[in-house]
1. Suppose the filter is buried (at least 18 other Cβ atoms within 10 Å of the Cβ), more than 14 Å from the chain's Cα centre (by Cα) and away from the ligand (no atom under 16 Å from the Cβ); does residue 156 pass it?
2. Could you tell me whether any residue of the stretch 225-239 is part of a helix (DSSP H, G or I) and farther than 22 Å from residue 155 by Cα?
3. Can you give me the number of residues within the stretch 209-256 that are without any contact (Cβ under 8 Å) to a residue 60 or more places away in the chain, within 16 Å of residue 163 (Cα to Cα) and touching a helix residue (DSSP H, G or I) at 6+ places or on another chain (Cβ under 6 Å)?
4. How do the pairs read when you match residues in the stretch 53-66 that are farther than 10 Å from residue 16 by Cβ with residues anywhere that are assigned to a loop (DSSP other than H, G, I, E, B), using Cβ under 6 Å and keeping only pairs 6 or more apart or on different chains?
5. Just checking, which of 69, 26 is surrounded by 12 or more Cβ atoms within 10 Å (Cβ to Cβ), more than 26 Å from residue 261 (Cα to Cα) and touching a strand residue (DSSP E or B) at 6+ places or on another chain (Cβ under 7 Å)?
6. Being surrounded by fewer than 21 Cβ atoms within 10 Å (Cβ to Cβ) and either in a loop (DSSP other than H, G, I, E, B) or away from the ligand (no atom under 14 Å from the Cβ) (or both) is the filter here, so list the residues in the stretch 105-123 that pass it.
7. Residues 190, 167: which one is touching a residue at least 12 places away in the same chain (Cβ under 8 Å), part of a loop (DSSP other than H, G, I, E, B) and within 16 Å of the ligand (Cβ to nearest atom)?
8. Determine whether residue 198 is in a loop (DSSP other than H, G, I, E, B) and touching a residue at least 12 places away in the same chain (Cβ under 8 Å).
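Nothing in this text is a laboratory measurement; each read-out follows from the coordinates by a stated rule. Everything quoted here is computed from the prediction, not taken from an experiment. When we count neighbours, we look across all protein chains shown, and the Cβ atoms used for this are built from the backbone with ideal geometry, even at glycine.
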Ligand code: GUN
């Protein structure tokens, strides 16, 4: 039997509608949430993602400030802007679009963000709070994955969850939040041996490695839940995930498509985190 397709786009639209109402209510209290986005360089994918973030802010009535900086921006220029945004009470959320150009030390830059404005949840403070089971901001993509799982009433407790990828943006925080929900979590990465032996045991398989159609049907257990976090552009220009969708959907019980799966949820969660930041900073929580 073919899997249930988890409709991330529809769920993200539903969440954004609810958030739009919340923004209106905040406006009645004199509060207009504001997100600052810093984009350095000319990375085409990053430009696209930032434009989606800007558009979502506009739809919801959140103010967005986008700082487009040249490729050769030096670290002190970037950190000066971050410091100003940290100090500006009108700005509730600060996001540095990744990847940064190679000459910039990503971790050193991210650490300059005020953790209470860190709507991406990438600062050591926010990641540390997630690690000690007292999260402040949860990174948007893992948070979106969990929301989809919950919306479709998929239980995690006692399940074998396999996460492929160990990035700070996705793999590590996703593993932590699945663990917090009592899944038994295995993390695989580029040096993992016999990866198919591990993926075949997964009840929940989350894939974030950035290799087009890497997960084949033979690597998936019958009835597994498959969450595809990859976004790849094929040689012919088609957007595909890390999972061989057409074949795997015949074996899985639930599967997320690409596009229209995790991607729109990431944006919805960023909006949620920005509103949360505004409420937090105005003493409403
Ligand atoms: N690059 C890829 N994903 C993300 C994300 O969630 N946030 C930021 N800031 N950069 C990214």
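1. Details: buried (at least 18 other Cβ atoms within 10 Å of the Cβ): yes; more than 14 Å from the chain's Cα centre (by Cα): yes; away from the ligand (no atom under 16 Å from the Cβ): yes.
Yes.
2. No, the conditions are met nowhere in the stretch 225-239.
3. Residues that pass the stated criteria total 2.
4. Qualifying pairs under 6 Å: 62/33; 63/32.
5. Numbers: 26 fails: touching a strand residue (DSSP E or B) at 6+ places or on another chain (Cβ under 7 Å).
Step by step, each of 69, 26 is checked, and only 69 is surrounded by 12 or more Cβ atoms within 10 Å (Cβ to Cβ), more than 26 Å from residue 261 (Cα to Cα) and touching a strand residue (DSSP E or B) at 6+ places or on another chain (Cβ under 7 Å).
6. Result: 105, 108, 111, 112, 114, 115, 116.
7. Values: 190 fails: within 16 Å of the ligand (Cβ to nearest atom).
Result: 167 is the single residue among 190, 167 that is touching a residue at least 12 places away in the same chain (Cβ under 8 Å), part of a loop (DSSP other than H, G, I, E, B) and within 16 Å of the ligand (Cβ to nearest atom).
8. Numbers: in a loop (DSSP other than H, G, I, E, B): no; touching a residue at least 12 places away in the same chain (Cβ under 8 Å): yes.
Answer is no for this residue.
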